1. Residue by residue through region 14-51, note down the ones that are exposed (fewer than 14 other Cβ atoms within 10 Å of the Cβ), part of a loop (DSSP other than H, G, I, E, B) and modelled with pLDDT of 60 or more.
2. In contact (Cβ under 8 Å) with a residue 60 or more places away in the chain and assigned to a loop (DSSP other than H, G, I, E, B): which single residue out of Y138, Y179 fits that description?
3. Given the conditions (1) aliphatic (A, V, I, L, M); (2) touching a Phe, Trp or Tyr at 6+ places or on another chain (Cβ under 7 Å); (3) surrounded by fewer than 17 Cβ atoms within 10 Å (Cβ to Cβ), which single one is not true for V82?
4. State yes or no: is L64 of a type outside the set (S, T, Y), touching a strand residue (DSSP E or B) at 6+ places or on another chain (Cβ under 6 Å) and at pLDDT below 90?
5. Can you list residue pairs whose Cβ atoms sit under 6 Å apart, with the first residue in region 55-71 being assigned to a loop (DSSP other than H, G, I, E, B) and the second being at pLDDT 90 or above and of a type in the set (D, E)? Count only pairs 6 or more apart in sequence or on different chains.
6. For Q111, are the conditions met, namely being farther than 23 Å from A80 by Cα, in contact (Cβ under 8 Å) with a residue 12 or more places away in the chain and among the polar types (S, T, N, Q)?
7. Taking the criterion of being closer than 17 Å to G139 by Cα, in a helix (DSSP H, G or I) and among the aliphatic types (A, V, I, L, M), would at least one residue in region 110-117 satisfy it?
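The values are calculated or read from the model by the stated rules, or taken from the named source; none is laboratory data. All figures in this text were calculated on a predicted structure; none of them were measured in a lab. Note that each Cβ is placed from the backbone with ideal geometry, even for glycine, and that neighbours are counted across all protein chains shown.
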Amino acid sequence: MTKHSLEETAQALVAKGKGILAADETGPTISTHSLARAEEVTAEVLERVFHALYTQRVALEGMLLKPNMVVPGKESPERAPVAAVATATLRVLRRHVPSAVPGIVFLSGGQDHRRATAHLNAMNAVPATLPWRVSFSYGRALQDPGLEAWAGRASNVQAGQRALHHRARCNSAATLGTYDESMEMDTADTEMAAQKAHWSDD
């Protein structure tokens, strides 16, 4: 992203007198990177984003930041522990996101839905107080389990709804740092039933 495009983005976020809450969605697009490289690139992107926002006089108190988490690329051989991802992500946010920003709502960035929830939970479970509210703005990591359980079949509508509700409940707990992997056992029967329905329809 160039300096010029960042400034255009900042201008677009400005909605003076409109009562509109701006959301800035940004993140690096690399796929073979290590955790350390992800942190380095995320830091650079955030530094440039907030410089552009400051230049355009965007009121940080009226925006939400939708960043990526600091994770290794999908094609990277590195498999970072949940705690390492949480530590790296919070470190880069503390260094580059002003405390005036009221909320950070993470993109899942193609992470497995359970992994995305675990990462969010680890960040909210840290003993230190964070200067912003840390939550989620997941697409695939929230919706995919429900869509898979539904599979486009009328007979699976309730299974899909239960899967979506369960994912929302887990992520809600993660925003409080109270998520636990044992909560995932609640969906085992639902997922198996959906699979059986899928096989019987075929």
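1. Passing the criteria: S31, T32.
2. Checking each option against the conditions leaves just Y179.
3. All conditions are met except number (2).
4. Numbers: of a type outside the set (S, T, Y): yes; touching a strand residue (DSSP E or B) at 6+ places or on another chain (Cβ under 6 Å): yes; at pLDDT below 90: no.
Against the criterion (of a type outside the set (S, T, Y), touching a strand residue (DSSP E or B) at 6+ places or on another chain (Cβ under 6 Å) and at pLDDT below 90), L64 does not qualify.
5. V70/E39
6. Values: farther than 23 Å from A80 by Cα: no; in contact (Cβ under 8 Å) with a residue 12 or more places away in the chain: yes; among the polar types (S, T, N, Q): yes.
Here the answer is no, as Q111 does not meet what is asked.
7. Pass one, region 110-117, residues closer than 17 Å to G139 by Cα: 110-117.
Pick out the ones that are also in a helix (DSSP H, G or I) and you get 113-117.
So of that shortlist, the ones also among the aliphatic types (A, V, I, L, M) come out as 116.
Within region 110-117 (the criterion being closer than 17 Å to G139 by Cα, in a helix (DSSP H, G or I) and among the aliphatic types (A, V, I, L, M)), the answer is yes, since at least one residue qualifies.
Okay, residues lined up against (1) in the same structural domain as T89 (by TED's automatic domain parsing); (2) modelled with pLDDT under 95:
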position: R133; (1), (2): yes, no
position: A174; (1), (2): no, no
position: E181; (1), (2): no, yes
position: M185; (1), (2): no, yes
position: D189; (1), (2): no, yes
position: H198; (1), (2): no, yes
